[in-house]
Amino acid sequence: MAKPFALLIAQVAGSGYYLIVEEGSNKVDRCPVAGSTLTCEVVAGDGTRGTGTGQLNKPSDAVMDKDGWVVIADTGNSRLVRCNPSAGPSSCDVFGPSVPGPGGIVVEESGDFVVSSSTSHTIHRCKAAGDTCSVILGTTGTSSDAVGQFNGPYGITLAADGSFIIADLENHRVQKCSASDSTCTVVAGSGTQGSSLQQLNFPTYAIEAGAGDGYYIADNANHRVLKCPLTQGTDCTQVIGTGVQGDGLRQVTHPWGLLELNSQLIVADQGNDRLLLCDPATTEDCTEAAGVSGAGSSSILSGPRGLRFDIGYTCTRPTTGGYDFSGVVERLNPGYAFGFKAEGITCLTGYKTADAGVTATACTSQGPYTVAGCTVMSCTRPVADLYDFRSATENLQIPFFQVRGVTCVAGYAPGDGGIQTTACTEPNPYTITGCVPIICTRPTTEGYDFSSVAETLDVPNFAATGIVCGAGFTGTVTAAACSSAGPYVVTGCSPSVCTRPAAAGYDFSAVTEDLQVPTFAVSGLACLSGYTTNSPAAAVCEVTSAYKVSGCDPIMCTHPTTTGYDFSSVTGSLALPTFAATGVACAAGYGASGAGPTATSCTAAGPYSVTGCEIVVCTRPTGVPIYDFTGVTEVLEGPTFQVTGLACARGYAAADQPVATMCTTSGPYTVSGCELIRCTRPTTEGYDFSGATEALEALTFEVSGIECAAGYEATATPSAVSCASPGPYSVSGCVATTTTTTTTTTTTTTTEVVTTEVTTVATTTVAVVTDPPTTTDVNTTAAEEEGSEGATVQSDAPRAALGVVAMAALFWH
């Protein structure tokens, strides 16, 4: 039983993959070398013939390009197809222009592809970029057996010298053609079909033996593999096969592709759908590869033709610092026919190249290749007296060279370009430039007077004398050299500063002040309430003192002429800030209201305002029964107040005339002048008052107990009548005693006529005697009365009159 294929390949190749082109199943397989189980992956094709980008049609050969991709000779579709072996058929795409019936393909060291066209009998070179293909050997469309001409060429491989080894299938020979001058030589086969050891029968593939001592040729129709010497005319050696088809372990049927690894020969035994691993130096049985898990009769192959080795990974370009890859020429596939290559790498500036130069080593697994030979160089710090390195930070490695923080020493400053540092190109001090002597300029600082200055402006010898403070500034001047190119520094002069004045009448609450004399400015000044607002202004002080203000003067009020007020006794300040006007009174006819007369200051020059007096409107008083208003005429408003016709009531009297006085506030006016009448005892002769009882006030007047004096006799009961004004009351009833000598009697009767006036006061009725009694002599003779007989009759009238008086007296009580 045959050994498992994977194990056998591991013994030969160690690791990697094999690419097997299966013409019968229209696909390309990628099978790993290492491991105990052969598990293949499909690189291209889906097992059926087709023209899709992932399909193939009777492919014949394949090759790995320098980047690790597979380029397939898709014979039946007359095209090349390029696929990523790790991504499968989905990654495939048509590569380059069409080549008619491509039968074999090989890659040159440049990366270009050389393709045999089995139907146009030519050899083509297709550029690595996939843009052009051109005929380099043969005549398009013409088959010929002339040297350098072809008839149905198939397999094409490279010799160690770069020449092409071409299986000229239908000319039954193998030609070796120069890649540089297109000259060809027949190296095997006589040109006639045959089975002798110098003849070939439809050779499909030829490779240069690894030892450089001949060629291995797949003699397809003779069912054998020959090893032929380097030159034609000498017999070849049959190393595999018997010359007849068979499936023995040393037999082949229509062998096609060949691959030599470590002196072992792998044969694509197309007719037997298998691969054989053989030792061409012996006659021992070959090892058959079949089945997924090892030996067995079931083949996983179908018409294998092309056979290539794939190392299974490609390298990538490294990013190692210090190396310049801009001119590199790379072959990143370590399994490439011409091997890994990375040439043209140099060291970047700042790196030193080793004596052996820059070397590149292929990766051993997927990843970057390694480079060596470039080492970084470093500069040293220079000795430079004009530069201060105390704060410097330095990276002295040339590729990363950077210097910061260097300054100039005192008296020097960076020039227009600043301080510049330049890396060395060899391990030497770096260069530094840029510090130049500082030259100061005269400043224009406000507050200084340079009119008499004497100057030396270079910093090491700097001097500036004669500078004084300018107008509005005070102090002692000091001049110091500049620290960088520019004005030197002057100090010592400070602006004279004003202070805010304490001026009455000015409002500084919203003021904005710049009190320095040179820039003095005051805004927002206002007058306080009570002062004029005629644009108050501020004037700068002459020295450090209070600035001056003007424009705010006290507002002076004037006396108003308001009707109803009396200003004759007003005292106090009329200046608005200290306004105090006192003594304002209400004028005649006006009375106080609220808080009474009040003066309020003016807000601008003019009369102050007054309130608190209002016109008085009086009313007639009530409850004063001693006054008689029946004849009164009244004007009751205060300013024109007048009452006339006022009289005293019965029982009352005025010394002159009763007086009405205007009210001081709206209400009843007052009356005065009427007093209660009080009578005095009269001295009337003929009356004896010694036993009299008297009530002398007119309203309650009552007198009793009067008698007639001696020598007088009563004509009636003696009586008293109240006085009408202060003075003696009157008496009557006593007459001097007389002797009557006639017989005619005359009776004198005094009749007191009483007029009463009733005044109602608070529901009390009082009878007032308003007229003094009158005496009426009633002389009644008998002759005057009807029926009289001339006798004298005394009338009862006096008695009736006395009755009335008595009634009145009772009523007064």
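The values are calculated or read from the model by the stated rules, or taken from the named source; none is laboratory data. Fair warning: this is a prediction, and the values are worked out from it, not measured in the lab. Note: ideal-geometry Cβ built from the backbone for every residue, glycine included; neighbour counts use all protein chains shown. Heads up: the accessible areas ignore ligands, DNA and RNA and are worked out on the full protein's heavy atoms, side chains in. Shrake-Rupley method; radii C 1.70, N 1.55, O 1.52, S 1.80 Å.
Return a yes/no flag: does the stretch 231-244 have any residue that is open to solvent by less than 10 Å² (accessible area, probe 1.4 Å), hydroxyl-bearing (Ser, Thr, Tyr) and closer than 20 Å to Leu277 by Cα. So far as the stretch 231-244 goes, no, none of its residues is open to solvent by less than 10 Å² (accessible area, probe 1.4 Å), hydroxyl-bearing (Ser, Thr, Tyr) and closer than 20 Å to Leu277 by Cα. Condition first: open to solvent by 20 Å² or more (accessible area, probe 1.4 Å), closer than 22 Å to Leu200 by Cα, in contact (Cβ under 8 Å) with a residue 24 or more places away in the chain and not acidic (Asp, Glu). Can you find one or more residues in the stretch 122-139 that meet it? Scanning the stretch 122-139, I find no residue that is open to solvent by 20 Å² or more (accessible area, probe 1.4 Å), closer than 22 Å to Leu200 by Cα, in contact (Cβ under 8 Å) with a residue 24 or more places away in the chain and not acidic (Asp, Glu), so the answer is no.
Taken over the stretch 15-28, the criterion of being out of contact with any Lys or Arg (no Cβ under 8 Å at 6 or more places or on another chain) and more than 11 Å from Ser302 (Cα to Cα) is satisfied by Ser15, Gly16. Evaluating Gly191 against the criteria (1) of a type outside the set (Lys, Arg); (2) open to solvent by less than 50 Å² (accessible area, probe 1.4 Å); (3) within 30 Å of Pro97 (Cα to Cα); (4) at pLDDT below 95 leaves one unmet condition, (3). Just one of the listed residues (Phe462, Phe473) is touching a helix residue (DSSP H, G or I) at 6+ places or on another chain (Cβ under 8 Å) and aromatic (Phe, Trp, Tyr), namely Phe473. Any residue at all in the stretch 656-676 that is open to solvent by less than 70 Å² (accessible area, probe 1.4 Å), within 30 Å of Cys527 (Cα to Cα) and not charged (D, E, K, R)? No - not one qualifying residue is present in the stretch 656-676.
If we scan the stretch 258-276, do we find a residue that is free of Cβ contacts under 8 Å to residues at least 24 places away in the same chain, crowded, with 22+ Cβ neighbours inside 10 Å and not acidic (Asp, Glu)? Step through it out loud before you land on a result.
Our first condition is that a residue be free of Cβ contacts under 8 Å to residues at least 24 places away in the same chain; within the stretch 258-276, this holds for none.
No, because not a single residue in the stretch 258-276 is free of Cβ contacts under 8 Å to residues at least 24 places away in the same chain, crowded, with 22+ Cβ neighbours inside 10 Å and not acidic (Asp, Glu).
I'm checking my understanding of the structure. Among residues of the stretch 381-411 that are among the acidic types (Asp, Glu) and not in a loop (DSSP other than H, G, I, E, B), which one is nearest to Gly434 (Cα to Cα)? Looking at the filtered set, the residue picked out is Asp388.
For the stretch 319-355, a tally of residues being part of a strand (DSSP E or B) and either aliphatic (A, V, I, L, M) or in contact with a Pro (Cβ under 6 Å, 6 or more places away or on another chain) (or both) returns 2.
When the strands (runs of 3 or more DSSP E) confined to the stretch 452-528 are screened for residues that are free of Cβ contacts under 8 Å to residues at least 40 places away in the same chain and of a type in the set (A, V, I, L, M, F, W, C), those reaching at least 1 such residues are found at 454-456, 463-465, 473-480, 521-523.
I need the full set of residues from the stretch 616-671 which are touching a residue at least 40 places away in the same chain (Cβ under 8 Å) and charged (D, E, K, R), in order please.
Arg620, Glu637, Arg650, listed by residue number.
Mind listing just one residue for me: the one in the stretch 72-90 that is at pLDDT below 95 and open to solvent by less than 30 Å² (accessible area, probe 1.4 Å) and, of those, farthest from Arg308 (Cα to Cα)? The qualifying residue farthest from Arg308 (Cα to Cα) is Gly88. With respect to the conditions (1) closer than 20 Å to Tyr154 by Cα; (2) within 60 Å of the chain's Cα centre (by Cα), Asn84 falls short on a single one, namely (1).
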